[in-house]
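Inspection log for the structure reproduced underneath, given as C-alpha cells.
The values are calculated or read from the model by the stated rules, or taken from the named source; none is laboratory data. All figures in this text were calculated on a predicted structure; none of them were measured in a lab. With ideal geometry, Cβ positions are generated from the backbone for all residues, glycine too; neighbour counts draw on all protein chains shown.
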Protein chains: 2
Amino acid sequence: MTEIEFWFEFASPYAYLAAARIERLVAGRPLRLAWRPLLLGPIFQRRPGHASPFQEPAPAEAAYRRRDAERCAAEAGTPLAWPSIYPRSSLLGARVALLGGDEGWIGPFSLAVYRASFVEDRDIADAGTVRAILDGLGLPSESILARATQPAHKARLAATVEEAMAKGIFGAPSFVAAGEVFWGNDRLEGAIDWALHPARRFPR
Amino acid sequence: MTEIEFWFEFASPYAYLAAARIERLVAGRPLRLAWRPLLLGPIFQRRPGHASPFQEPAPAEAAYRRRDAERCAAEAGTPLAWPSIYPRSSLLGARVALLGGDEGWIGPFSLAVYRASFVEDRDIADAGTVRAILDGLGLPSESILARATQPAHKARLAATVEEAMAKGIFGAPSFVAAGEVFWGNDRLEGAIDWALHPARRFPR
C-alpha cells in the first residue's frame, strides 16, 4: 500500500484546510496516510537572507493570505474564524502530536487542535487547552503532557523537522507521495493522484 | 459585462500556464478579459526586509517551483521546457505588451512571448526576439519597438505597476474580479466563479 505523508503545522490555516479534508479524500483508496507534525519556525529561520526568525510578509500578502484562506474555507464548506492571535505557537501541539503518531491518535488530536485554534479561537499554545483536548478524546492528558516535554522528545521533534527539510519541504501543508513533494492545500489532489497512478509519474 | 483582469509577468512560469488557458476558460462566458502586463522586480524590491532586489528563494523552494510548474504543465497538457536562463528579463516584453493592450494585439503577442521563452528557449530580453515575434504577428515591429522605449511609455509601465500594488497585487499571475484579488494559476477558476456569481461573494 502506498503511503502519503501529510506534513502539517498547527499555525497554518492552509494546513488546517487540508487536515479537514484529507481523511475523506484518502478513504477507500489504497493509501496509508501518515500525519507528520512539523514546525515552520526553524525552517523559515534558515532561509537565505532571513534576518529575523519571523520575517513579516509584505502587508498586501498577509492580507491576501487571510482573505484567500477564508474564500477557500467557504468554498470547501469548512468552518474558519480567524484566530485573534495569529500565528499561534504550535510547539506544544506538535510535541504532543508526535506522541499521537506513535500511539494512533494523531488524526483526531490534530483535528481537535485545529478546530480549537481556527474555529473556537482557543489558545493552543496553552497547556490547559491541550490538556482539555486530550481529555476530550479520553486520553491520559497528564502523562502525555509530561512525556511531550521531556528533553529526548523535544529533540525528536527537532529531528523530525530536519527529516522534513532533507525531503525538500519548506512550507506547510506539504504532502510526500512516492518521494515527490507537493506543497499547499491546493496540491492535495495532485499528491493523491501521484501516489495512486505510477504510470502518470514522469522523471525529473 | 463583468471584467476580469489578468496580471501577468513574462518571467513567471505560472503566469505562462495561466496565459495558456485563460482565453479558453473565459470564452463563451459574459466576461471581458483584460490582459495587464506587470513587472515583479519593483514589487519584490519593496517587500519588507528585502535587502537585495532579487532575493534568492530557499534552494528547496526554487527546486520545488520548477518541479511543480512542470507537473502542472504536464497535467494541463501545456508544453513547457525550462528556460536555460531563469528568470529572464521581462522588461522589454512588458513595455511592448502595454502597447498591445491599447491596440488589441496583447493576447496573441503575450502568448507568443511566453512560447518563445518557455517552449523555444529564446531570449525574450533581446530586442531581436521581440521584433521577430511582432513580425510574425504581422505588426509594424520597428515603430512599435521605438514607441515602447520612449520615456513617457516607460513611465506608463511604471505607473501600471503602481496601479497593481494599489490593488493589493504582490505576485503573478494575479486575477482581479469584482475588486477581489486572486493569486496563482490555481486560483484562475476561483476568480472566474467570483466574477460570474455575485451571489456567492461574501463580504470582508
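Any idea which residue in the stretch B:59-81 is nearest to the other protein chains (Cβ to nearest Cβ), counting only those that are under 20 Å from the mean Cα position of the chain (by Cα), crowded, with 16+ Cβ neighbours inside 10 Å and hydrophobic (A, V, I, L, M, F, W, C)?
Step by step, filter the stretch B:59-81, then rank; the result is B:Cys72.
Identify, by number, the condition in (1) without any contact (Cβ under 8 Å) to a residue 40 or more places away in the chain; (2) surrounded by fewer than 13 Cβ atoms within 10 Å (Cβ to Cβ); (3) closer than 30 Å to B:Arg47 by Cβ that A:Pro151 doesn't meet.
(3)
With respect to the numbered conditions (1) under 17 Å from the mean Cα position of the chain (by Cα); (2) of a type in the set (D, E, K, R); (3) assigned to a loop (DSSP other than H, G, I, E, B), which one is the sole condition not fulfilled by A:Glu120?
Failing condition for A:Glu120: (1).
Quick one: B:Glu56 ticks every box in (1) at pLDDT 95 or above; (2) in contact with a Pro (Cβ under 9 Å, 6 or more places away or on another chain) bar one, so which box is it?
(1)
Within the stretch A:56-80, which residues are in contact (Cβ under 8 Å) with a residue 12 or more places away in the chain and closer than 19 Å to B:Pro48 by Cβ? Talk me through it step by step, then tell me what you get.
If we filter the stretch A:56-80 for residues that are in contact (Cβ under 8 Å) with a residue 12 or more places away in the chain, which is where we start, we get A:65-66, A:69-70, A:72-73, A:76, A:78-80.
Listed by number, the residues that qualify are A:Arg65, A:Arg66.
Listed here are the residues, each with its yes/no results for (1) assigned to a loop (DSSP other than H, G, I, E, B); (2) within 20 Å of the chain's Cα centre (by Cα); (3) crowded, with 18+ Cβ neighbours inside 10 Å.
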| residue | (1), (2), (3) |
| --- | --- |
| B:Arg147 | no, no, no |
| B:Val161 | no, yes, yes |
| B:Ala164 | no, yes, yes |
| B:Gly168 | yes, yes, yes |
| B:Ala195 | no, yes, yes |
| B:Ala199 | no, no, no |
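Does the stretch B:84-91 contain any residue that is within 12 Å of another protein chain (Cβ to nearest Cβ) and either among the hydrophobic types (A, V, I, L, M, F, W, C) or touching a residue at least 12 places away in the same chain (Cβ under 8 Å) (or both)?
Checking the stretch B:84-91: not a single residue is within 12 Å of another protein chain (Cβ to nearest Cβ) and either among the hydrophobic types (A, V, I, L, M, F, W, C) or touching a residue at least 12 places away in the same chain (Cβ under 8 Å) (or both).
Any idea which of (1) surrounded by fewer than 20 Cβ atoms within 10 Å (Cβ to Cβ); (2) assigned to a helix (DSSP H, G or I); (3) within 10 Å of another protein chain (Cβ to nearest Cβ) is the one A:Arg21 doesn't satisfy?
(3)
Tell me which of these A:Tyr114 doesn't satisfy, since it passes every other one: (1) more than 10 Å from chain B (Cβ to nearest Cβ); (2) out of contact with any Phe, Trp or Tyr (no Cβ under 7 Å at 6 or more places or on another chain).
Here A:Tyr114 clears every test but (2).
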